[in-house]
Number of protein chains: 2
Amino acid sequence: MTADLELVEACDNFPYDADTSAYFKVKLPFDDRIHGYMLPEIVQSMPWTPEFKIDHIKRVVQLVDCSNGHDTSTACNTAFSEVVTKAIEIDVFKIISGRHSEPFAIVGAKTPMQVERFAAPLFGFILRGAHMTVYTTESEDMRIWVPRRSGHLFTYPNMLDTTVAGGVAAHESPFENIVHEADEEASLPEELVRERARPCGVLTYMTQVGRSETFAESGLVHPDCIYVYDLEVNRSVIPKPRDEEVKEFYLMTVDEVKVALRRGEFKPNCALVMLDFFIRHGIITADNEKNYIEIIMRMHRRLPFPTAPHR
Amino acid sequence: MTADLELVEACDNFPYDADTSAYFKVKLPFDDRIHGYMLPEIVQSMPWTPEFKIDHIKRVVQLVDCSNGHDTSTACNTAFSEVVTKAIEIDVFKIISGRHSEPFAIVGAKTPMQVERFAAPLFGFILRGAHMTVYTTESEDMRIWVPRRSGHLFTYPNMLDTTVAGGVAAHESPFENIVHEADEEASLPEELVRERARPCGVLTYMTQVGRSETFAESGLVHPDCIYVYDLEVNRSVIPKPRDEEVKEFYLMTVDEVKVALRRGEFKPNCALVMLDFFIRHGIITADNEKNYIEIIMRMHRRLPFPTAPHR
């Protein structure tokens, strides 16, 4: 049985006392801040274009704005697009394995900037997701809608998931992401979600990709930020799979969810979202969880990269 | 007008990149972990008893168990009690200024151990509080019960506060603290609180006492941990001052609370509790607060001291 803190540690596993001197620091134009940590072997294998200046002594990857400030966003987006496209063409990294993906915002960039989702962890950039827990308390104890992921998915096939979840693409807000994912993944009506979904905070953690994960290079630094939402519904609202990502939905009791969590049946970051839900709803408390404080601190880790343009 | 992030920074103002080598590290018997940072000038002025071994080279304050493991709790409690009593008698520190206070647990100690509340910041120990926000959504928009502190209080007189709040004494749980404070400070019925108060998490931050604060030595390191609770009530429940701590209660709209926050009318850590309440209830969101992620990370700071006996 996995303890709650171990579930958090599975996601937030980048050491707090890590020696980060070995990493290359990724810097954007006109910005002294560090936006990501890159492994030396990734820097070595990346098919860099001239817009990226690599300082092997100071270990800095500096993106240069070839527009000289005239249109930094477009210049940088093009630079990232070109280098990622080359990397996909020569098929050098497992994590992108020949696949293009949708553009994701570089969190905290001074001018809007984007990189393909699957490629972001190669640079160590923060990724953003949005997760919504749909539950009912009508006429009995709380029950939670839990989906099982499809068997054909590239990551975490057949594992349990958050009711609705997705990555936040560059040109949408976390809330808009939830609205369309709720429709696509769970057939939930847009009006219901717009009216009743409640934003409840954000979870932050930092993962170092492990050797056992077959879909990505070992050691990649993967900082993550998950916007969490709650949606309380009555028993007549029943999520149904629509796209290919969800196999089926279960209406689980809190105890059933706890058992599934402890058996490791949830996708790791969905376990975190569920623990946070249990904490906010008074199910996990200081009285029943000895690691209460540690769990809460760990699921709101202060990331070492900027999360807003101005700081 | 004070921005939300500035309200957080007022509490969480200990630098993240602080050079901590100047502090004396406080260690407990049979425990290699550091439980607090002490200022050198406090170490210099403290009327130490023989149970405390001061290493001025390594900058360690090591409490020794004079019972040799037979009754570590009692031996350590006696040692803390003696040194604090001497300090009060010679009246050497502003923060205790001749006043004894109730025993508070040393968070994360391997065996239960306690020190007087007002003296804890001299050692840099984590202090624990419990805060409950009482609100109503009945038949109109949300309104929140906000008390004004009495004018005679030693700290933050006349400022706005959390509906119910108190420090958690050594021999009570955070929830039991809320139950009795709700009765003492707000005349709220015990049954109502026991049945309906909902634990919603914990806030952690680290304050360095400023020069402007007249009630404490400048520079003291003050890590804090606040257990937060929500209590939704109907309009017939009206908190009333009972003890001397609260002057009066106001039933404020969300907008009125926001204005008061931005004018700096709330006691600093109560502002934090209110921001967390607004975040959990979808009032402050990623769409209306540009520092959303930073605020949430900062109010759940990972404290550098243990928060559980075993880690």
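The values are calculated or read from the model by the stated rules, or taken from the named source; none is laboratory data. Everything numeric in this text was worked out from a predicted model, so none of it was measured. Please note: Cβ atoms are built from the backbone with ideal geometry, for glycine as well, and neighbour counts cover all protein chains shown.
Quick one: in region A:129-159, which of the residues that are closer than 30 Å to A:Pro304 by Cα and among the polar types (S, T, N, Q) is surrounded by the most Cβ atoms within 10 Å (Cβ to Cβ)?
A:Thr133
Quick one: would you say B:Phe305 is touching a His at 6+ places or on another chain (Cβ under 9 Å) and more than 10 Å from chain A (Cβ to nearest Cβ)?
Considered against the rule, which asks whether it is touching a His at 6+ places or on another chain (Cβ under 9 Å) and more than 10 Å from chain A (Cβ to nearest Cβ), B:Phe305 comes out as yes.
Just the residues that are part of a helix (DSSP H, G or I) and of a type in the set (S, T, N, Q), please, taken from region A:237-281. Break it down into steps so the answer makes sense when it comes.
Quick first cut of region A:237-281, residues part of a helix (DSSP H, G or I) only: A:254-262, A:268-280.
The answer is A:Asn269, and nothing else.
Output the number of the condition that A:Leu231 fails; it satisfies all remaining conditions of (1) within 12 Å of another protein chain (Cβ to nearest Cβ); (2) closer than 30 Å to A:Ala18 by Cβ.
Evaluating A:Leu231 over (1) within 12 Å of another protein chain (Cβ to nearest Cβ); (2) closer than 30 Å to A:Ala18 by Cβ leaves (2) as the failure.
Consider B:Glu294 carefully, then state whether it is within 8 Å of chain A (Cβ to nearest Cβ), touching a Leu at 6+ places or on another chain (Cβ under 8 Å), in contact (Cβ under 8 Å) with a residue 60 or more places away in the chain and not aromatic (Phe, Trp, Tyr).
So B:Glu294 fits the description; yes.
From (1) over 19 Å from the mean Cα position of the chain (by Cα); (2) away from every other protein chain (no Cβ under 14 Å); (3) surrounded by fewer than 21 Cβ atoms within 10 Å (Cβ to Cβ), pick out the condition that doesn't hold for B:Ser101.
(1)
Restrict the check to region A:166-181 and report whether at least one residue is of a type in the set (S, T, N, Q), within 23 Å of A:Ala120 (Cβ to Cβ) and either in the same structural domain as A:Phe118 (by the TED database) or crowded, with 17+ Cβ neighbours inside 10 Å (or both).
At the first step, the residues of region A:166-181 found to be of a type in the set (S, T, N, Q) are A:173, A:177.
Filter once more, keeping what is within 23 Å of A:Ala120 (Cβ to Cβ): A:173, A:177.
Next cut, either in the same structural domain as A:Phe118 (by the TED database) or crowded, with 17+ Cβ neighbours inside 10 Å (or both) only: A:177.
There is at least one residue in region A:166-181 that is of a type in the set (S, T, N, Q), within 23 Å of A:Ala120 (Cβ to Cβ) and either in the same structural domain as A:Phe118 (by the TED database) or crowded, with 17+ Cβ neighbours inside 10 Å (or both).
When you scan region B:108-209 for strands (runs of 3 or more DSSP E) that lie fully inside it, which ones turn up with 3 or more residues that are within 14 Å of another protein chain (Cβ to nearest Cβ) and touching a strand residue (DSSP E or B) at 6+ places or on another chain (Cβ under 6 Å)?
B:127-136, B:198-208
Residue check: is B:Ile126 modelled with pLDDT under 95 and either touching a helix residue (DSSP H, G or I) at 6+ places or on another chain (Cβ under 6 Å) or crowded, with 23+ Cβ neighbours inside 10 Å (or both)?
Against the criterion (modelled with pLDDT under 95 and either touching a helix residue (DSSP H, G or I) at 6+ places or on another chain (Cβ under 6 Å) or crowded, with 23+ Cβ neighbours inside 10 Å (or both)), B:Ile126 does not qualify.
Consider region A:74-107. How many of its residues are in contact with a His (Cβ under 9 Å, 6 or more places away or on another chain) and part of a helix (DSSP H, G or I)?
Going through region A:74-107 one residue at a time, the tally reaches 3.
Considering only region B:9-36, how many residues are in contact with an Asp or Glu (Cβ under 8 Å, 6 or more places away or on another chain) and assigned to a helix (DSSP H, G or I)?
Qualifying residue count for the region: 1.
Six or more apart or on different chains, Cβ under 6 Å: which pairs go from a residue in region A:257-285 that's among the small types (Gly, Ala, Ser) to one that's at pLDDT 95 or above and outside any helix (DSSP H, G or I)? Could you list them?
Close Cβ pairs (under 6 Å, with a partner that is at pLDDT 95 or above and outside any helix (DSSP H, G or I)) amount to A:Ala260/A:Leu160; A:Gly282/B:Arg198; A:Gly282/B:Pro199.
Among what's in region A:210-228 and is β-branched (Val, Ile, Thr) and within 14 Å of another protein chain (Cβ to nearest Cβ), pick the residue that is nearest to A:Asp12 (Cα to Cα).
Only one residue tops the list, namely A:Ile226.
Can you tell me which residue among A:Lys247, A:Lys258, A:Lys240 is within 26 Å of A:Arg194 (Cα to Cα), under 23 Å from the mean Cα position of the chain (by Cα) and either within 11 Å of chain B (Cβ to nearest Cβ) or surrounded by fewer than 22 Cβ atoms within 10 Å (Cβ to Cβ) (or both)?
Answer to the check: A:Lys247.
Would you check which residues across region B:159-183 are under 15 Å from B:Glu102 (Cα atoms), of a type outside the set (Val, Ile, Thr) and in contact (Cβ under 8 Å) with a residue 60 or more places away in the chain and list them?
B:Gly167, B:Ala169, B:Ala170, B:His171
Is it true that B:Val92 is outside the structural domain of B:Gln208 (by the TED database) and either modelled with pLDDT under 95 or closer than 23 Å to B:Phe215 by Cβ (or both)?
Details: outside the structural domain of B:Gln208 (by the TED database): yes; either modelled with pLDDT under 95 or closer than 23 Å to B:Phe215 by Cβ (or both): yes.
Criteria met by B:Val92.
May I ask you to list pairs of residues, at least six apart or on different chains, whose Cβ atoms are under 6 Å apart, with the first in region A:9-37 being within 14 Å of chain B (Cβ to nearest Cβ) and the second being surrounded by 13 or more Cβ atoms within 10 Å (Cβ to Cβ) and in a helix (DSSP H, G or I)?
Pairs that qualify, where the first residue is within 14 Å of chain B (Cβ to nearest Cβ) and the partner is surrounded by 13 or more Cβ atoms within 10 Å (Cβ to Cβ) and in a helix (DSSP H, G or I), are A:Asp12/A:Arg298.
Out of B:Phe266, B:Phe277, which single residue is buried (at least 20 other Cβ atoms within 10 Å of the Cβ), away from chain A (no Cβ under 14 Å) and not basic (Lys, Arg)?
B:Phe266
Of all residues in region A:79-94, how many are surrounded by fewer than 19 Cβ atoms within 10 Å (Cβ to Cβ) and either within 21 Å of A:Arg33 (Cβ to Cβ) or in contact (Cβ under 8 Å) with a residue 40 or more places away in the chain (or both)?
3
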